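One structure below.
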């Protein structure tokens, strides 16, 4: 079990993480989400003892990560997959890590097999693609057969087969009773992988809940409408429902939020606008996340 209690990190006058408290429990995949600059990486580094908190503390199974006599067997971590000497081979890198904890050679062979790197195990890391480097980072995290995993953007650089593989791997590890904390910007992947979510913004906790509950609470159900007179329909809907959100969703298609399908149909009928499609959609995790974090985004691009 991983616990953060009142974690706070300040650099000069800037507070990056503030009073962050949460628990990551065994047997679940917990997604760790937040906009760029939210403090996710700093939080992960504090969990692993790489950054000292200004206030608060973090524990793994009741004690600081660094105080465990064999930390690789408690938490396997992937924070920066490319943090490997480029002149080493994949096997050599894993073997050097194994020696620090007295792990057997067979464990190196096992994680190379699990991550699909056996065929390139004796190639130098400097020749690895982004995806291969990511697999090596995951192999390093798995090396100690840890009770918990902390992974920062583990699908970065992976092809579709690799994304499916890591999703299946994380869920199987959680099913074994392990603690899994994974950070990602891919909301569609988190919707398929995570059981619970911890969402932060500007260093503060915004939500600690299940995926289903976060989506349900967003209240963001939308309706997809297809019509050859989309401009007329937009005007009709906004005239009757000024607080509705109407956005383009493809050629001759609109996405309407804040108005149900029946009201859209009535607005269309009032203006004799033909409808080819009127389909309610349940909210997505991506939309729920954007709604939750809208006021905490530091870096926003201007509309084109």
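Side notes on the structure shown:
- Ranked by how many other beta carbons lie within 10 Å on average, peptides 125-134, 151-160 from highest: 151-160, 125-134
- Relative contact order of the range 1-109, taken over Cα pairs closer than 8 Å and 6 or more residues apart, is 24 percent.
- For the chain, the longest principal axis of the Cα atoms and the long axis of helix 160-175 meet at an angle of about 70 degrees.
- Sorting 2, 138, 166 from the fewest to the most surrounding beta carbons within 10 angstrom yields 166, 2, 138.
- Principal-axis tilt of helix 90-100 within the chain, Cα atoms, nearest 10 degrees: 60
- For the chain, the longest principal axis of the alpha carbon atoms and the long axis of helix 105-114 meet at an angle near 20°.
- Listed peptides 99-107, 115-123, 202-210 by packing density, highest first (mean Cβ within 10 Å): 202-210, 115-123, 99-107
- Only Cα sites of the chain enter the Debye sum here, all with the same form factor; the resulting log10 I(q)/I(0) across q = 0.09, 0.10, 0.11 1/Å is -0.56, -0.66, -0.76, listed in q order.
- If both residues of a DSSP beta bridge must be in the chain, then about 65% of such bridges are antiparallel.
- Estimated from helical segments only, the mean residue ellipticity of the chain at 222 nm is -10000 deg cm²/dmol, where each DSSP H run of four or more residues counts as -39500 (n - 2.57).
- Here 22, 289 are placed in order of increasing Cβ neighbour count within 10 Å, fewest first, which gives 22, 289.
- Calculated FRET value between residue 186 and residue 239, using beta carbons and R₀ = 41 Å, to 0.05: 0.60
- Going from the residue with the fewest nearby Cβ atoms within 10 Å to the one with the most, 172, 184, 96 rank 172, 96, 184.
- Three-way shape label, the range 221-282, alpha-carbon gyration tensor, a/c 1.5: rounded
- Gaussian network model of the chain, Cα within-10 Å springs - most flexible of 188, 239, 218: 239
- Relative contact order (%) - the range 221-282, alpha-carbon pairs under 8 angstrom, separation at least six: 51
- Judged by the ratio a/c of the largest to the smallest principal axis of the C-alpha gyration tensor, the range 70-143 counts as prolate, that ratio being 1.5 or greater while a/b is larger than b/c.
Each value in this text was obtained by applying a stated rule to the coordinates, not by laboratory testing. Keep in mind that what you see is a predicted model, and the values were worked out from it rather than measured. Backbone-built Cβ (ideal geometry, glycine too); neighbour counts: all protein chains shown.
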